[in-house]
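Structure record follows, encoded as structure tokens.
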Amino acid sequence: MPKPSLMRTTLVVCLLALVLVPSAGAYRLEGGRWPTTTIRYYNEVPAYTWAVDSAAFAWNSSGAHVRFLKSSRKDADVLIGIRWFKVAGEARIHRLAGRIVAAEVGIQSGNDRYVMALVTTHEFGHVLGLDHEDGACATMNTRLAVDHPEHCAAPPPGTWVCRLLRADDVRGAVSLYGGTVRPIRGPEFCPR
């Protein structure tokens, strides 16, 4: 039978190891979350419909308990358009008492629909409360390297990044809204 002092020391070491081990998720949070899990959006640019709907579907099927729902402009929490933009996209988040209450997403015109879907998915991540993450391959990487997140593999010629979210992105959303990270299904790249 081991000595009680050895057992206590072993128990303390194991507990410290559990507490001090960094989390598996490299995601970063911007601060704040929506007071609800249903976020209504309105897309004011019909040419962006496929990209915006693809981004909403990616988040809605991610396993996080959050849902982007199309709505009228009057009822929208998030407005998507081209009035607000930087190099690829921008999300302007409005907070009240630490809660996200509204947002505008601007996407630069001129990208093909596949890149626009990736950009919109990234900006929806900001809308949820996620920050940029450059320690892992994630849709929330700060920069887009032409047609893929900077720290992710580039799609082979003739394909696009059809896996719009990575496990790291979903872990961040789950940390804010609950749920579980679903196993990644389907190919990473799809034919154009």
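The charge dipole of the range 59-192, taken about its Cα centre with unit charges on the Cβ of Lys, Arg, Asp and Glu (plus for the first two, minus for the last two), comes to roughly 460 debye.
Along the range 57-64 the Karplus relation, 6.51 cos²θ - 1.76 cosθ + 1.60 evaluated at θ = phi - 60°, assigns HN-Hα couplings of 4, 4, 5, 5, 9, 6, x, 6 Hz to successive residues, with x for each Gly and Pro.
Of H94, H126, H65, the order by accessible heavy-atom surface (1.4 Å probe, DNA, RNA and ligands excluded), from most exposed downward, is H65, H94, H126. Around the amide H of T159, modelled in the peptide plane, lie the amide H atoms of R192, all under 5 Å away and 5 or more residues distant in sequence or on another chain. Protection proxy ranking, highest mean first, for peptides 166-174, 31-39: 166-174, 31-39, where packing is the per-residue count of other beta-carbon atoms within 10 Å, averaged. Computed from the C-beta positions of A97 and W50, the FRET efficiency with R₀ = 35 Å rounds to 0.45. Ordering V78, N111, A138 by the projection of their Cα atoms onto the charge dipole of the range 66-192, which places +1 on the Cβ of Lys and Arg and -1 on the Cβ of Asp and Glu, puts V78 at the extreme positive end.
The values are calculated or read from the model by the stated rules, or taken from the named source; none is laboratory data. Note that the structure is a prediction, hence the values are computed from the model and not measured. Methodologically, a virtual Cβ is constructed for each residue, glycine included, from the backbone with ideal geometry; neighbour enumeration extends over all protein chains shown. When the accessible area is computed, the model is the full protein with side chains, heavy atoms only, and any ligands, DNA or RNA have been set aside. Shrake-Rupley method; radii C 1.70, N 1.55, O 1.52, S 1.80 Å.
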